[in-house]
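Okay, so here's the structure we're looking at.
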Number of protein chains: 2
Amino acid sequence: MMNQKILLAQRPEGFPKTSDFKLVTSSLPTPAVGELLVRTLYLSLDPYMRGRMNDAKSYAPPVKLGEVMVGGVVGQVTASQHPTFQAGDFVEGFLGWQTYALSDGKGIRKLDPNLAPISTALSVLGMSGLTAYFGLLDIGQPQAGETVVVSGAAGAVGSLVGQIARIKGCRVVGVAGTDDKVDYLVRELGFDAAFNYKTTADYSQKLKELCSDGIDVYFDNVGGPLTDAVFKRINVRARVCICGQISQYNLARPEPGPRFLWKLIEQRARVEGFLVFQFAERYPEGLRQMAEWYRAGKIKIREEIAEGIENAPSAFIGMLQGKNTGKQLVKVATAA
Amino acid sequence: MMNQKILLAQRPEGFPKTSDFKLVTSSLPTPAVGELLVRTLYLSLDPYMRGRMNDAKSYAPPVKLGEVMVGGVVGQVTASQHPTFQAGDFVEGFLGWQTYALSDGKGIRKLDPNLAPISTALSVLGMSGLTAYFGLLDIGQPQAGETVVVSGAAGAVGSLVGQIARIKGCRVVGVAGTDDKVDYLVRELGFDAAFNYKTTADYSQKLKELCSDGIDVYFDNVGGPLTDAVFKRINVRARVCICGQISQYNLARPEPGPRFLWKLIEQRARVEGFLVFQFAERYPEGLRQMAEWYRAGKIKIREEIAEGIENAPSAFIGMLQGKNTGKQLVKVATAA
């Protein structure tokens, strides 16, 4: 048996290309005392990974050239010399874009496959779910009857944010990039309204139409001109949760935008950026609540599944282009 | 006796001119039952007034053409048919740019001239003081040992913000527009450092030099390129208090700026705009604390005093140009 790894081959200029990645094969490591070997079943593909491909100081160090790409994985333990884990266990952790990974058990979470499909540990019952839960509820503090706008609304996080806001009694308006996604948000996920930003000429006018009472909470995954338009429509004491800025990640050079700080004064509004990690101590609370809603059918998910580790780069690029609805996964192997 | 009023004669395009104002004379009104007549002693000149000269919807309605300019006043009651006020009383209220004003007593605060010079009811013991107190402490939440940067630091609000931050044990760096102001901040007000943005080519580099541990709290009165540079230096969980954006008020057309929302994610930082009015229920607390610090000599103030209501427009324009250090007042009459 061999390990297949996807390395960062070169740093992208602008939009990543498949040639920025490199698939290599190496021999399978053997766990030493205190270690376990995990076979990847599902790899999670997420926008934050684009940031790690840049050689820029940020909240986390960049992936080095020639290193395995970072990423969340659901896998199965194939061999263990670690007291907590046994061969056959299902686990989740940041094990990277590879078919097997050695781990010392730190940050590895054991999964119960009877509670929910194991792939959900990468979406609703994992980082996407926690990001939506804490970002919306703690940073956004939505109140029943308020209007919540979500950008990237059909993505892994956005689709959950909108559903949580609905559970909390808010009016929810989603923004997505295809008519199919817009239909999905409104017909399947129960958003009150949604629009396709790619076929909308005047975002500000559209937001005015769909948010006649203004915007109380904005959950931003996207940034750029859409976010500029949202700032024009925020209500007094509005809260803007900055989760992602995917429209900006692949620009060769940063684009300027309209200044909006005066608007924050006028509306006494707050803008706050967050990273899910800052809520680490409260993950159990978030997972418990998301699991309850998910099992009660109050939160639905959709997974887009690419097949084979070798297709991770193209699936990742597709996700950055907005090709997926819901969570983008790569199925790497089938459980034993 | 006649009343002299300064009216808004035309809406400024870009920077206001004295011809945007008009001095008119009218007969002195007589208070009816429930009213009082106040003679203006001091008129406060503040940046927010520039916003009221525009015909734009904002948190407060604009001054109409031909209306008396809005403004805070310290005055003396000359005649009263109001149960709370008597002739001779010193009062403070939003009575406008005029030598006399009729009032129904709403929003009028009686002053005790034995506690502090009456003009302080327009600065440290009035709106400027309350803006600094609540803006810094409630929105900024500075902790001892943190680095606080203040723009417009030698202005009426900024000079108080820096001193409050010092009282709270913070390291304080001020930004102002003349070398004299910089000297004043450091030598007289005890700021740890300050710089003249008009003679500094690279704000970002200067902030790096003066804030070697990064910036935890930024109190912004100014906006524009200085604020852009501050965002590059904010620390994890930084708080940015948006009080004013005076660099933007007189632009004929808005200027774009660099997008910084990604930085908020990276640093899990918060930006919040505020208006002092949102703290109205807590004004007594703010005034009590500011008075205690002021009387204990922990907070110093400077007043720039123009003479004569007819000079209010030029003094106002001078304030927008940054000619004043500390509070810009107009002395309109001497107390009886």
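Accessible surface area normalised per residue over segment A:187-254 is 45 Å², counting heavy atoms of protein chains with a 1.4 Å rolling probe.
What average number of partner chain Cβ atoms lie no more than 10 Å from the Cβ of the residues making up A:55-66?
Numbers: counts 0, 1, 1, 5, 5, 1, 0, 0, 0, 0, 0, 0.
Taking all residues of A:55-66 together, the mean is 1.
Dipole check for the protein assembly as shown: with +1 at the C-beta of Lys and Arg, -1 at the C-beta of Asp and Glu, and the Cα centre as origin, the magnitude is about 120 Debye. In this assembly, the A-B interface accounts for approximately 2900 Å² of buried accessible surface in total, computed with a 1.4 Å probe and without ligands, DNA or RNA. In order along segment A:190-200, the Karplus-derived 3J(HN,Hα) couplings, from 6.51 cos²θ - 1.76 cosθ + 1.60 at θ = phi - 60°, round to x, 4, 6, 7, 7, 8, 8, 5, 6, 10, 10 Hz, and Gly and Pro are given as x. Whole-Hz Karplus values for segment A:50-59 come out as 4, x, 6, 7, 8, 8, 10, 5, 8, 5 Hz, taken residue by residue from phi with 6.51 cos²θ - 1.76 cosθ + 1.60 and θ = phi - 60°; glycine and proline positions read x. Per residue, the convex hull spanned by the Cα atoms of segment B:2-124 measures out at 113 cubic angstrom.
Here the average projected area of the convex hull drawn through the C-alpha atoms of chain A stands at 16.7 nm². Note on A:245-251: average number of Cβ atoms from other chains within 10 Å of each residue's Cβ is 2. Between the amide H of B:Glu35 and those of B:Gln81, B:His82, distances stay under 5 Å, these residues lying 5 or more places away or on another chain, with hydrogens modeled in the peptide plane. This model, with +1 at the C-beta of Lys and Arg and -1 at the C-beta of Asp and Glu, gives segment A:127-277 a dipole about its Cα centre of some 340 debye.
Could you work out the mean projected area of the convex hull around the alpha carbons of the protein assembly as shown, in square nanometres to one decimal?
For the protein assembly as shown, averaging the hull's shadow over all directions gives 32.8 nm².
Pick from A:Ala252, A:Ala269, A:Ala116 the residue whose mean-square fluctuation is largest in a GNM of chain A, springs joining Cα atoms under 10 Å. Comparing A:Ala252, A:Ala269, A:Ala116 in a Gaussian network model of chain A, the most mobile one is A:Ala252. Across the identical copies, the label point of B:Ser212 (7 Å from Cα in the Cβ direction) is separated from its matches by 6.0 nm, in order from shortest. Restricting the trypsin sites (Lys or Arg not before Pro) of segment A:1-98 to loop positions (DSSP other than H, G, I, E, B) with no more than 14 neighbouring Cβ atoms within 10 Å leaves A:Lys17, A:Lys57, A:Lys64. In terms of packing, defined here as the mean over residues of other Cβ atoms within 10 angstrom, the peptides B:280-287, B:300-307, A:239-246, B:318-325 line up highest first as A:239-246, B:318-325, B:300-307, B:280-287. Taken residue by residue and averaged, Cβ atoms of other chains lying within 10 Å of the Cβ of A:268-278 number 6.
Placing a label point 7 Å from Cα along the Cα-to-Cβ direction at B:Pro256 gives distances to the equivalent points in the other copies of 0.8 nm, listed shortest first. A simple count of charges around A:Met319, restricted to other residues whose Cβ falls under 10 Å of its Cβ and scoring Lys, Arg +1 and Asp, Glu -1, yields +1. In the distance distribution for segment B:197-334, Cα-Cα pairs more than 27 Å apart total 39 percent. Give the carbon-plus-sulfur fraction of the accessible surface of segment A:127-277 in %, rounded to a whole number; probe 1.4 Å, heavy atoms of protein chains only. Ligands and nucleic acids excluded, carbon and sulfur reach 47 percent.
What is the diffusion coefficient of segment B:127-277 in µm²/s, taking the Kirkwood radius over Cα pairs and the Stokes-Einstein relation at 10 °C with a viscosity of 1.306 mPa s? Before the final figure, lay out the partial values.
Numbers: Rh = 15.0 Å.
The estimated diffusion coefficient comes to 106 µm²/s.
Per residue of chain A, the DSSP helices (runs of n ≥ 4 H) give a summed -39500 (n - 2.57) that works out to -6000 deg cm²/dmol at 222 nm.
Distances, shortest first, from the label point of A:Lys198 to those at the same position in the other copies read 5.2 nm; the point lies 7 Å along Cα to C-beta.
The values are calculated or read from the model by the stated rules, or taken from the named source; none is laboratory data. These numbers were taken from a predicted model, which means no experiment stands behind them. Cβ: placed from backbone, ideal geometry, glycine included. Neighbour counts: every protein chain shown. For the accessible areas, the whole protein counts, side chains as well, though only heavy atoms, and no ligand, DNA or RNA atoms are used. Shrake-Rupley method; radii C 1.70, N 1.55, O 1.52, S 1.80 Å.
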